[in-house]
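Here's the structure, in structure tokens; my notes come after.
The values are calculated or read from the model by the stated rules, or taken from the named source; none is laboratory data. Small disclaimer: the values here were computed from a predicted structure and weren't measured. Cβ coordinates were reconstructed from backbone atoms using ideal geometry, including for glycine residues, and neighbour counts include every protein chain displayed. These area figures cover heavy atoms from the full protein model, side chains too; ligands, DNA and RNA do not enter into them. Shrake-Rupley method; radii C 1.70, N 1.55, O 1.52, S 1.80 Å.
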Amino acid sequence: MNRLCDSMEPKVMDDDMLKLAVGEQGPQEEAGQLAKQEGILFKDVLSLQLDFRNILRIDNLWQFENLRKLQLDNNIIEKIEGLENLTHLVWLDLSFNNIETIEGLDTLVNLEDLSLFNNRISKIDSLDALIKLQVLSLGNNQIDNMMNIVYLRRFKCLRTLSLSGNPISEAEDYKMFICAYLPDLVYLDFRRIDDHTKELAEAKHQYSIDELKHRENLMQVRLQDERARQEELEKHKTAFVEHLNGSFLFDSMYAEDSEGNKLSYLPGVSELLEAYKDKFVIICVNIFEYGLKQQEKRKIELDTFSECVHEAIQENQEQGKCKIAQFEEKHLSSLSAIQEESELPNIEKMILECSADVSELFNELMMLEMQLVEQLEETINMFERNIVDMVGLFIENVQSLMAQCRDLENHHHEKLLEISISTLEKIVKGDLDEDLPDDLRAVPMCLACPCHSDFSLTISSWERPFFISFLENHCLWITRPIYQLFVDKDTIVNAVGASHDIHLLKIDNREDELVTRINSWCTRLVDKIHKDEIMRNRKRVKEINQYIDHMQSELDNLEYSDILD
């Protein structure tokens with residue numbers, strides 16, 4: 001329960017409240033007056049105190065992007081929210097509020113000290129992102145399950161914990177349990193944990209702790225394996241060949257191909273399909289391995305280019321620094337000479353000479369920059385040609401390999417069609433000895449008896465045996481069984497063709513995806529390099545102009561009377 005008077009009206013956390021708080025807590029006297037005159041920038045505020053203000057909802061804090069300490073205790077806040085942009089926050093106090101659930105802290109990865117003392121929290125969770133958490137205050141809440149303590153084992157930096165005033169703190173084994181399960185804890189409920197207590201706790205809960213450690217180790221191994229798989233997948237995506245190091249593409253061709261799956265049960269198709277898959281996967285693996293090699297070559301090309309650009313800029317900056325150092329040495333000497341000169345004409349002449357030196361320095365620095373621009377432009381154009389050629393060659397070779405996949409599919413299609421038509425002919429002649437699965441069969445029907453043929457299409461599965469028996473015993477028109485996909489040649493050709501179309505579409509889509517992505521990557525990379533160079537040039541020219549203006553301003557502001565005096 002918070003300590004504010006229930007009769008007070010809840011307040012909105014608006015700009016006026018924030019400006020007032022920042023003004024009250026900011027620098028006072030002359031510095032404070034200056035800050036008020038120039039305007040307070042919220043992004044420059046590092047600490048903000050908003051306690052005892054009857055705040056109901058956290059809001060409008062997005063501008064405090066560099067805030068490190070936030071005090072929101074003794075309000076009537078019910079939900080943790082509006083803190084997403086405070087990624088630099090180190091210290092957060094939300095004690096004495098009405099919070100029931102821990103939430104809204106996922107972006108506060110730098111938080112070290114969190115106080116939720118005296119709220120209505122019943123479960124410790126949703127703190128996973130706080131990997132730097134050292135101090136956690138959860139006293140005077142409604143936590144009643146000791147298993148909440150096990151959750152805190154993941155916070156390796158946690159040294160101070162407060163849970164007094166919760167139902168679990170009344171448990172007989174409260175202190176021993178916490179000391180055993182959180183062995184790195186130094187302070188519990190504002191008291192230091194002595195080594196003897198830790199030893200007793202460890203001995204008392206040794207069996208359960210060992211079992212828990214075993215489970216944690218297994219979980220850690222699984223997490224590491226999953227992390228390694230994700231990193232490997234990202235590497236493959238960077239090379240644009242993810243999921244091509246196995247049968248993924250082949251399997252995807254049959255995932256939505258119901259007709260192809262049915263046809264795979266035809267006599268001889270299983271062996272045909274196995275041989276097709278083996279050859280298809282080999283081509284996919286070739287694409288995969290080729291993609292990784294080409295990615296490494298592109299990386300080397302990009303690294304070499306970046307190194308050349310860096311060296312050129314460094315060399316150019318060193319030359320500029322030397323010229324500025326030489327100028328400043330001469331300039332200081334000239335200023336000293338002006339200070340010592342007593343004749344006005346001589347002073348004016350010397351100032352004009354200094355001004356000419358400033359102009360000469362400007363020309364030299366701009367000449368250096370122009371030389372650098374030309375040098376970098378040539379380097380960038382060469383890199384662009386190289387990377388475009390590399391991407392073009394990669395696409396050409398991948399398309400050639402994908403064409404081999406299509407050739408395999410076409411060959412498989414022809415063979416499958418031959419087997420299907422041959423099977424149809426055997427069915428027509430009644431020479432098919434092999435049993436086919438139910439989804440390739442239909443019930444026997446009278447070829448010349450319209451009433452039976454119509455009826456047979458509507459009967460349920462459990463009625464079929466009785467219907468077949470009836471036909472065999474009573475119908476003179478029945479001649480032979482007909483199969484679902486083997487009604488006639490057109491039906492089987494259409495089924496095989498539909499399967500073929502699905503397979504080709506999957507191959508085409510994977511090829512198009514690869515080509516589109518690598519072309520987009522190449523375009524974005526080249527555009528960024530050009531834009532970065534434009535921004536670098538603008539920044540450098542601005543720096544030169546600002547420096548020259550400053551030097552010229554010094555000369556223009558020289559007071560002759562002061563010099564002559």
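Structure above, values below:
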{"quantity": "Output for segment 73-86, where each listed residue is closer than 18 Å to residue 136 by Cα and without any contact (Cβ under 8 Å) to a residue 24 or more places away in the chain", "calculated": "none"}
{"quantity": "Test for residue 94: is it under 21 Å from residue 167 (Cβ atoms) and either surrounded by fewer than 16 Cβ atoms within 10 Å (Cβ to Cβ) or at pLDDT 95 or above (or both)", "calculated": "yes"}
{"quantity": "Unmet requirement for residue 370, which otherwise passes all of (1) touching a residue at least 12 places away in the same chain (Cβ under 8 Å); (2) hydrophobic (A, V, I, L, M, F, W, C); (3) within 30 Å of residue 530 (Cα to Cα); (4) open to solvent by 60 Å² or more (accessible area, probe 1.4 Å)", "calculated": "(1)"}
{"quantity": "Matching residues, segment 506-526, being open to solvent by 70 Å² or more (accessible area, probe 1.4 Å) and either under 22 Å from residue 388 (Cβ atoms) or at pLDDT below 95 (or both)", "calculated": "512, 513, 516, 523, 524"}
{"quantity": "Segment 178-190 residues that are part of a loop (DSSP other than H, G, I, E, B), paired with ones that are among the β-branched types (Val, Ile, Thr) (beta carbon under 8 Å, 6 or more apart)", "calculated": "182/149; 185/160; 185/178; 185/193; 186/160; 186/193"}
{"quantity": "Among the residues listed as 396, 414, 364, the single one being part of a helix (DSSP H, G or I) and under 24 Å from residue 534 (Cβ atoms)", "calculated": "364"}
{"quantity": "Residue list for segment 257-271, restricted to those being assigned to a loop (DSSP other than H, G, I, E, B), over 20 Å from residue 402 (Cβ atoms) and not small (Gly, Ala, Ser)", "calculated": "265, 266, 267"}
{"quantity": "Residues (acidic (Asp, Glu) and within 16 Å of residue 276 (Cβ to Cβ)) located in segment 236-258", "calculated": "251, 257"}
{"quantity": "Residue satisfying condition, being farther than 16 Å from residue 321 by Cα and modelled with pLDDT of 90 or more, within set 360, 374, 353", "calculated": "374"}
{"quantity": "Failed item, numbered, when residue 274 is tested on (1) over 33 Å from the mean Cα position of the chain (by Cα); (2) assigned to a helix (DSSP H, G or I); (3) surrounded by 13 or more Cβ atoms within 10 Å (Cβ to Cβ)", "calculated": "(3)"}
{"quantity": "Hey, residue 280 touching a residue at least 12 places away in the same chain (Cβ under 8 Å), open to solvent by less than 40 Å² (accessible area, probe 1.4 Å) and within 25 Å of residue 499 (Cβ to Cβ) or not", "calculated": "yes"}
{"quantity": "Unique match (being part of a loop (DSSP other than H, G, I, E, B) and open to solvent by 10 Å² or more (accessible area, probe 1.4 Å)) among 107, 197", "calculated": "107"}
